[in-house]
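Some notes on the structure that comes next.
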Amino acid sequence: MTPILETERIVLRPMAASDAPAIQRHFNNFDIIKYMGAAVPWPYPDNGAEDFLKNYGLPLMAEKRGHLWAITVKPDDECVGCVEFRLFDHKDGHRGFWLAEHLWGQGLMSEALEAVNDFVFEDLKIKEFIELNAKSNGASRRLKEHSGGTYLGDIAGDYKSDDLKSEKWRITAAGWKKLKAADE
Ligand SMILES: CC(C)(COP(=O)(O)OP(=O)(O)OC[C@H]1O[C@@H](n2cnc3c(N)ncnc32)[C@H](O)[C@@H]1OP(=O)(O)O)[C@@H](O)C(=O)NCCC(=O)NCCS
């Protein structure tokens with residue numbers, strides 16, 4: 001079961017079918033979609049969020065193949081972003097995330113990923129996972145560093161941004177533990 005994760009400013013809760021209108025509102029933005037895998041359609045269709053939840057996101061959780069959290073900023077319950085953690089190998093890596101553009105630059109995704117790292121490494125006892133980002137996506141790269149990740153090199157990219165390169169990172173329980181200990 002996908003648990004509720006809470007931080008100082010955020011509640012991460014399992015995504016629900018009722019989140020479709022909020023996802024449609026915030027995700028339908030080329031500055032977000034250009035950094036998603038090329039399978040995400042652009043222009044984003046009117047039923048894009050509904051289709052994503054019905055045919056991918058909700059089955060992912062129901063079939064226990066992964067976790068999909070809606071990011072909500074206290075005290076609101078509106079879904080303003082997403083963190084996905086896949087429990088199986090995937091060409092786009094194990095973790096993906098996005099945040100509504102009006103909330104960028106406040107450290108919110110760093111805070112969300114801290115909670116997800118604790119859950120993945122301490123509760124699920126996963127030892128390591130792979131994460132990717134478009135070479136041109138400096139914010140996403142920084143978030144890998146904030147997770148204590150190790151840069152493994154570049155692989156071929158496939159993004160709407162036309163970025164031809166993807167950075168591959170390994171995030172490990174040991175690296176996360178070390179980073180947290182250094183911050184304390
Ligand atoms: C990536 C994203 C989730 C970041 O969310 P956010 O809440 O703004 O991130 P944070 O504020 O926690 O911090 C991100 C870090 O990136 C840094 N950063 C932001 N923009 C940057 C840029 N263009 N180049 C380099 N670093 C950048 C920030 O300074 C911060 O680092 P710091 O804590 O050392 O100062 C958000 O920009 C987004 O949704 N982008 C589009 C979707 C996307 O790229 N998803 C990831 C796909 S792999």
*Taking the stretch 1-46 only, how many residues are part of a strand (DSSP E or B) and either modelled with pLDDT of 95 or more or open to solvent by 60 Å² or more (accessible area, probe 1.4 Å) (or both)?*
7
*Picking from G157, G175, G153, which residue would you name as being more than 9 Å from the ligand (Cβ to nearest atom) and at pLDDT below 95?*
G157
*Which of the residues belonging to the stretch 29-47 are in contact (Cβ under 8 Å) with a residue 12 or more places away in the chain and away from the ligand (no atom under 15 Å from the Cβ)?*
D46
*Tally time: how many residues in the stretch 87-119 are more than 10 Å from the ligand (Cβ to nearest atom) and within 10 Å of the chain's Cα centre (by Cα)?*
2
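Can you name the residue in the stretch 48-71 that is under 26 Å from M1 (Cβ atoms) and small (G, A, S) and is also farthest from the ligand (Cβ to nearest atom) among such residues? Explain how you work it out, then say what you get.
Of the residues in the stretch 48-71, the ones under 26 Å from M1 (Cβ atoms) are 49-71.
Pick out the ones that are also small (G, A, S) and you get 49, 57, 62, 66, 70.
Numbers: A49: 15, G57: 16, A62: 24, G66: 16, A70: 14 Å.
Selected residue: A62.
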*Restrict the check to the stretch 108-125 and report whether at least one residue is open to solvent by 60 Å² or more (accessible area, probe 1.4 Å), among the basic types (K, R) and under 22 Å from K165 (Cβ atoms).*
no
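The values are calculated or read from the model by the stated rules, or taken from the named source; none is laboratory data. Here the structure is a predicted model, which is why all the values come from computation and not from measurement. Backbone-built Cβ (ideal geometry, glycine too); neighbour counts: all protein chains shown. Remember, those area values only see protein heavy atoms, side chains included, never the ligands or the DNA or RNA. Shrake-Rupley method; radii C 1.70, N 1.55, O 1.52, S 1.80 Å.
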